[in-house]
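One structure is given here, and the rest of the page talks about it.
The values are calculated or read from the model by the stated rules, or taken from the named source; none is laboratory data. These figures come from a predicted structure and were not determined experimentally. Neighbour counts run over all protein chains shown; Cβ positions are idealised from the backbone, glycine included. Side chains included, ligands, DNA and RNA excluded: accessible areas come from the protein's heavy atoms. Shrake-Rupley method; radii C 1.70, N 1.55, O 1.52, S 1.80 Å.
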Amino acid sequence: MKFRDFCGRYAHFILYALIGVFSTGLEFLIYALLCRYIPYLYANIIGFHCGILCSFILNRKFNFKKENKTLLRFASFYIIQIICLGLNTLILYLCVDVADWDPLLSKGISIALTALLPYFLNKHITFGKHI
């Protein structure tokens, strides 16, 4: 398979991943800054919501190019992300409070373990043919 064919076939996934890296970077930066001032679980929730907004706007506009039904799509996207936030927070709690690991390292682990689930759900539900 040629590189161009590969990129064409997986264009949505590649762009989703790039947007995800940017959104996750924003989330992690906000988390790291807030951890200095507030408890890590609160910082996680605030950072995660900033990442959700960034990811939705960029994916809607540039990746899936869906300009219609914005509120319905956002609601779907948000629900999927809240499920992922629950998983992310559980992993973070287990790493920090149970295993006594560093909060920043634990955040990286929780991001890595929950990264693919929202792509598949959002591709088929939020930005799919059903909405």
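Criterion first (crowded, with 18+ Cβ neighbours inside 10 Å, within 24 Å of Ile38 (Cβ to Cβ), in contact (Cβ under 8 Å) with a residue 12 or more places away in the chain and small (Gly, Ala, Ser)) does Ser76 satisfy it?
no
When you look at Tyr37, is it open to solvent by 90 Å² or more (accessible area, probe 1.4 Å), assigned to a loop (DSSP other than H, G, I, E, B) and more than 23 Å from His130 (Cα to Cα), yes or no?
Here the answer is yes, as Tyr37 does meet what is asked.
Based on what the data block shows, is Tyr42 more than 20 Å from Phe127 (Cβ to Cβ), modelled with pLDDT of 90 or more and assigned to a helix (DSSP H, G or I)?
Judged against the criteria, Tyr42 is a match.
Please go through the stretch 56-73 and give me each residue that is over 18 Å from Leu116 (Cα atoms), assigned to a helix (DSSP H, G or I) and either open to solvent by 90 Å² or more (accessible area, probe 1.4 Å) or in contact with an Asp or Glu (Cβ under 8 Å, 6 or more places away or on another chain) (or both), ordered by number.
Answer for the stretch 56-73, where residues must be over 18 Å from Leu116 (Cα atoms), assigned to a helix (DSSP H, G or I) and either open to solvent by 90 Å² or more (accessible area, probe 1.4 Å) or in contact with an Asp or Glu (Cβ under 8 Å, 6 or more places away or on another chain) (or both): Ile57, Lys61, Phe62, Leu71, Leu72.
Scan the stretch 112-131 for residues that are over 12 Å from the mean Cα position of the chain (by Cα) and open to solvent by less than 80 Å² (accessible area, probe 1.4 Å) and jot them down.
Lys123, Ile125, Thr126, Phe127, Gly128, Ile131
Ile30: assigned to a loop (DSSP other than H, G, I, E, B) and open to solvent by less than 60 Å² (accessible area, probe 1.4 Å), yes or no?
no
Determine which single condition Lys129 fails, assuming it passes every other condition in (1) closer than 16 Å to Cys35 by Cβ; (2) among the charged types (D, E, K, R); (3) not in a helix (DSSP H, G or I).
(1)
From the set of residues in the stretch 92-107 that are over 19 Å from Leu26 (Cβ atoms) and touching a residue at least 40 places away in the same chain (Cβ under 8 Å), which is farthest from the chain's Cα centre (by Cα)?
Val96
Please go through the stretch 1-27 and pick out each residue that is closer than 18 Å to Leu121 by Cβ and not in a helix (DSSP H, G or I).
Scanning the stretch 1-27 gives a single hit, Tyr10.
For the stretch 33-71, give me each residue that is of a type outside the set (Ser, Thr, Tyr) and in contact with a Gly (Cβ under 8 Å, 6 or more places away or on another chain).
Passing the criteria: only Leu34.
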